[in-house]
């Protein structure tokens, strides 16, 4: 994506995005035909830039977007609902300028609508309103997010002395040591199962790695979603339902693949099924944990970006060990 020409006045990164949003553009109705929409556009105009046309329902809630080219090439009697792109990405009204930059970097659209909590369009922001410096800031904040997932902020350690860096980093490593020790103790409870079926140990690192990767994916998605809305119980139910469905697909794919490898390698069908089932169960735990931990932290008004990573990994590891060896003890 090409960078825009610098503006004379640079917006503050923490300024509300409404300080840059222009007036609400001409909005189309999903029940309109293309011909009616074009007549409306001629009457009301389109402003200085023609990029996208946004579509709302009968309650004025955003339901889709129509690229200009698609609108101009459509038949006049086609309904707008048949040519629009549904689930339009929008910037929440509460977002800052820096957060809005992330939308442009991640999605690479030329413009976004700004919406309130009811998904009603209150304005529009296009890429020409941002300077190179603001984009650079957003890219640096993405770097911060990587460090925050590990338990500390990049700004805390980038210029710190070795002693100060140690003070920031060691507490989170200590948390990892604690959870690892608990996992070791937990695994000790299944010492007999492990001794009788050594193949379980061969795949333990793989099972833990898969669960941790999936849990961090879910955590990252959840944290980004929570930045745009309040953590209500209804949202939690929807997110958990979606994550459980995702976990089922991931569990079937990953568990089935590893089970096949274990069977071909060791020749034990029952052992392979246990390993595959353990992976499927651990991924389910990982996905649920990746949603619940940030949600709980957000509800308690703690910073989920800093605390969610270590907590999610610790809970995921404990849940994975329990599921893996419990299934093995029961089946073998």
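What about residue 93, is it surrounded by 16 or more Cβ atoms within 10 Å (Cβ to Cβ), over 21 Å from the mean Cα position of the chain (by Cα) and closer than 30 Å to residue 14 by Cβ?
Numbers: surrounded by 16 or more Cβ atoms within 10 Å (Cβ to Cβ): yes; over 21 Å from the mean Cα position of the chain (by Cα): no; closer than 30 Å to residue 14 by Cβ: yes.
No: the conditions fail for residue 93.
Modelled with pLDDT of 80 or more, in contact with a helix residue (DSSP H, G or I) (Cβ under 8 Å, 6 or more places away or on another chain) and assigned to a loop (DSSP other than H, G, I, E, B): is that true of residue 109 in this structure? Quick ask: steps written out before the conclusion?
Details: modelled with pLDDT of 80 or more: yes; in contact with a helix residue (DSSP H, G or I) (Cβ under 8 Å, 6 or more places away or on another chain): yes; assigned to a loop (DSSP other than H, G, I, E, B): yes.
Criteria met by residue 109.
On inspection, residue 209 fails the criterion of being assigned to a helix (DSSP H, G or I), touching a residue at least 12 places away in the same chain (Cβ under 8 Å) and surrounded by fewer than 19 Cβ atoms within 10 Å (Cβ to Cβ). Looking at 256, 290, just one residue is at pLDDT 90 or above and in a helix (DSSP H, G or I), and that residue is 256. Contact map, region 179-201: residues that are farther than 14 Å from residue 320 by Cα paired with residues that are modelled with pLDDT under 80 and outside any helix (DSSP H, G or I), Cβ distance under 8 Å, separation 6+ or inter-chain. Pairs shown: 193/332; 196/332; 197/332.
Checking 94, 43 one by one, the residue that is at negative phi and without any contact (Cβ under 8 Å) to a residue 12 or more places away in the chain is 43 and no other.
For residue 226, state whether it is modelled with pLDDT under 90, buried (at least 19 other Cβ atoms within 10 Å of the Cβ) and farther than 20 Å from residue 321 by Cα. So residue 226 fits the description; yes. Only one of the numbered conditions (1) under 30 Å from the mean Cα position of the chain (by Cα); (2) modelled with pLDDT under 80 is violated by residue 47, and that is (1).
Matching residues to (1) under 20 Å from residue 213 (Cα atoms); (2) touching a helix residue (DSSP H, G or I) at 6+ places or on another chain (Cβ under 7 Å); (3) surrounded by 22 or more Cβ atoms within 10 Å (Cβ to Cβ):
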{"site": "254", "(1), (2), (3)": "yes, yes, no"}
{"site": "259", "(1), (2), (3)": "yes, yes, yes"}
{"site": "265", "(1), (2), (3)": "no, no, no"}
{"site": "270", "(1), (2), (3)": "no, yes, no"}
{"site": "274", "(1), (2), (3)": "no, yes, yes"}
{"site": "277", "(1), (2), (3)": "yes, yes, no"}
{"site": "282", "(1), (2), (3)": "yes, yes, yes"}
{"site": "288", "(1), (2), (3)": "yes, yes, no"}
{"site": "293", "(1), (2), (3)": "yes, yes, yes"}
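For the subset of region 3-25 comprising residues that are buried (at least 16 other Cβ atoms within 10 Å of the Cβ), modelled with pLDDT of 75 or more and touching a helix residue (DSSP H, G or I) at 6+ places or on another chain (Cβ under 8 Å), which member is farthest from residue 123 (Cα to Cα)? In this case the residue turns out to be 16.
The values are calculated or read from the model by the stated rules, or taken from the named source; none is laboratory data. The model shown is predicted, which means the values in this text are computed figures rather than measured ones. Don't worry about glycine lacking a Cβ; one is built from the backbone with ideal geometry, like all the others, and counts go over all protein chains shown.
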